[in-house]
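As structure tokens, the structure follows; a few thoughts come after it.
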Amino acid sequence: MMKVKIVADPTAGGKAGYELFAAALENNARVFGLATGSTPISTYDEITASNLDFSKCISINLDEYVSLAPTHPQSYHAFMQEHFFDKKPFSKSYVPDGLNPDEQEETARYEKLIAENPIDFQILGLGRNGHIGFNEPGTPFDSITHRVELTQSTIDANARFFDNEKDVPRYAYSMGIGTIMKSKEILIEAYGENKADAVKKMIEEPSTEQVPASVLQQHSNVTVLIDQAAASKLTKKY
Ligand code: F6R
């Protein structure tokens, strides 16, 4: 059963996300899975401004662009430094190594890292098409960490952040859907009207590989944290 929590706006979502993170920590969670993107920022702001002590915990991020150095401003390493780790660090934080050109080696290394440090609490954002991590529609539910070829629409959308279209990464490393599903507890956040269709499909329609986030219906401990705009297409009562 998915627990659905509807809040007024992303600011209220940040407070609710913080409460869930704090409760997990209190219940001895030691490995936190983290996402990038705009959605979790309000939750990260609350966590990093708090006096929670997670200095002995580790974090493992969902994904990273292949070919970008950790110092590249568009890398997910840089995003996490700015929005989380520079403000309040974990004892160790892992993000896939976008500079490792050996796809086999990097994906196996990351999958092993997660097997050895099972994720207690995973934070996810929801893509407009229902993606989680870089797992686009059609990705098998049992997929493990893999290299993803970005779609042309994602490349085009990212082009504005780069000097030259040629500099936009063509690939990313991402935890697979099966990898994500091994997390003991999952929090997926979504805010804004442009997520309302994906939220509806994730929660109220049959679970299908065409909507990656709908796999979460099959997980035993998931909280869906959404604002009123993202909840606007739901028809059941929560
Ligand atoms: C980020 C990630 C993506 C985003 C999703 C939503 O690490 O893996 O799946 O969570 O694209 O992005 P935002 O939050 O920017 O709307």
statement: Here FRET efficiency (C-beta to C-beta, SER232 to SER67, R₀ 35 Å, nearest 0.05) is 0.35
field: MRE, 222 nm, helices only [DSSP H, n ≥ 4, -39500 (n - 2.57), over the chain, to nearest 500]
entry: -8000 deg cm²/dmol
Extension gain, ALA115 back to GLN218 (0.36 nm per residue minus Cα-Cα distance, nm): 35.1 nm
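For ASN27 and ASP9, compute 0.36 nm times the residue count separating them, minus their Cα-Cα distance, and round to one decimal in nm.
3.8 nm
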task: In nm, give the distance between the simple-model label positions of MET1 and GLU82, each being 7 Å from the Cα along the Cα-to-Cβ direction.
output: 4.1
Spatially proximal lysines relative to LYS182 (Cα-Cα < 24 Å; intrachain offsets below 8 disregarded): LYS3, LYS5, LYS56, LYS92, LYS112, LYS200, LYS201
- prompt: Working out 0.36 nm times the residue gap between ARG147 and THR48, then minus their Cα-Cα distance, what length gain in nm do you get to one decimal?
  reply: 32.6 nm
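Give the range of the longest stretch in the chain that excludes all trypsin sites (Lys or Arg not before Pro) found in loop regions by DSSP and having at most 10 other beta-carbon atoms within 10 Å.
That gives 57-235 as the longest site-free run.
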query: Using a Gaussian network model of the chain with C-alpha springs under 10 Å, which one of LEU187, LEU150, LEU126 is most mobile by mean-square fluctuation?
result: LEU150
- prompt: Relative contact order for the chain: what is it in percent, counting Cα pairs under 8 Å that are at least 6 residues apart?
  reply: 27
Karplus-derived HN-Hα couplings along region 99-112 (A = 6.51, B = -1.76, C = 1.60, θ = phi - 60°), whole Hz, x at Gly and Pro: 8, 7, x, 8, 4, 4, 5, 5, 5, 5, 4, 5, 4, 5
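Read-outs throughout are calculated quantities, based only on the coordinates presented, and are distinct from any laboratory measurement. Everything quoted here is computed from the prediction, not taken from an experiment. Don't worry about glycine lacking a Cβ; one is built from the backbone with ideal geometry, like all the others, and counts go over all protein chains shown.
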